[in-house]
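Below: the structure, in structure tokens.
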Amino acid sequence: MAAVEAAAAEVRRSVLADGDTEQAASQLTRAAAELSQLVTIAPTAEPPAPPVTKPVTENKPRTSRSKPPTRPVPLDLDTVRLKRSSDPTRTGWRVLAGTEDAPVLVGFLEPVLSVTGRRSSRWEAQTASLARVHGGPWRTRMDALAHLVDDYQRAAARPRRRTIT
């Protein structure tokens with residue numbers, strides 16, 4: 001092995017010095033031939049694997065697919081109510097609908113803060129998925145509530161898009 005490394009170093013030196021590279025290359029070839037006679041290749045312990053004739057994996061239906069989002073049901077407007085948010089990060093109101101046993105979260109109404117951090121006299125409406133309702137902020141909390149409920153009702157009445165699967 002040392003003879004091969006020495007011959008390779010000689011080839012490098014002759015290339016860098018623009019010397020006789022043929023003589024150095026022949027020394028490297030001779031050293032590599034001597035090394036190959038000393039080294040014996042061990043036979044492989046395992047025979048080669050047979051060729052694959054059928055797929056190894058099975059196609060099973062996926063059980064982990066997420067279900068499509070549930071479509072909102074139109075609200076009974078008589079059951080819409082406001083409840084102060086108990087969440088310290090939400091300073092406004094939660095808008096709920098339905099029975100007391102199973103309320104439906106329609107969205108949130110929050111006062112808009114001015115640049116200085118004070119409450120302004122305008123209100124912002126957000127859906128339950130925290131998307132802002134288009135057209136806001138509104139002058140009064142009731143205007144914001146009306147737009148939020150209208151947005152929810154429109155989403156519930158919108159026909160479901162059919163997709164090709």
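The values are calculated or read from the model by the stated rules, or taken from the named source; none is laboratory data. Because the structure is predicted, anything quoted here is derived from the model rather than measured. Every residue, glycine as well, gets a Cβ built from its backbone with ideal geometry; the counts of neighbours run over all protein chains shown.
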Kindly list, by first and then second residue, each pair from a residue in segment 74-90 that is touching a residue at least 60 places away in the same chain (Cβ under 8 Å) to a residue that is of a type in the set (Phe, Trp, Tyr) and outside any loop (DSSP other than H, G, I, E, B), limited to pairs with Cβ atoms under 7 Å and residues at least 6 apart or on different chains. Leu75/Tyr152; Leu82/Trp93
Based on this model, can you work out whether Leu130 counts as within 20 Å of Arg154 (Cβ to Cβ), modelled with pLDDT of 80 or more, under 28 Å from the mean Cα position of the chain (by Cα) and in a strand (DSSP E or B)? no
Among the listed residues Arg90, Arg94, which satisfies the condition of being farther than 15 Å from Ala156 by Cα, outside any strand (DSSP E or B) and in contact with a strand residue (DSSP E or B) (Cβ under 8 Å, 6 or more places away or on another chain)? Arg90
Closer than 21 Å to Asp87 by Cβ, in contact (Cβ under 8 Å) with a residue 40 or more places away in the chain, assigned to a strand (DSSP E or B) and of a type in the set (A, V, I, L, M): is that true of Val112 in this structure? no
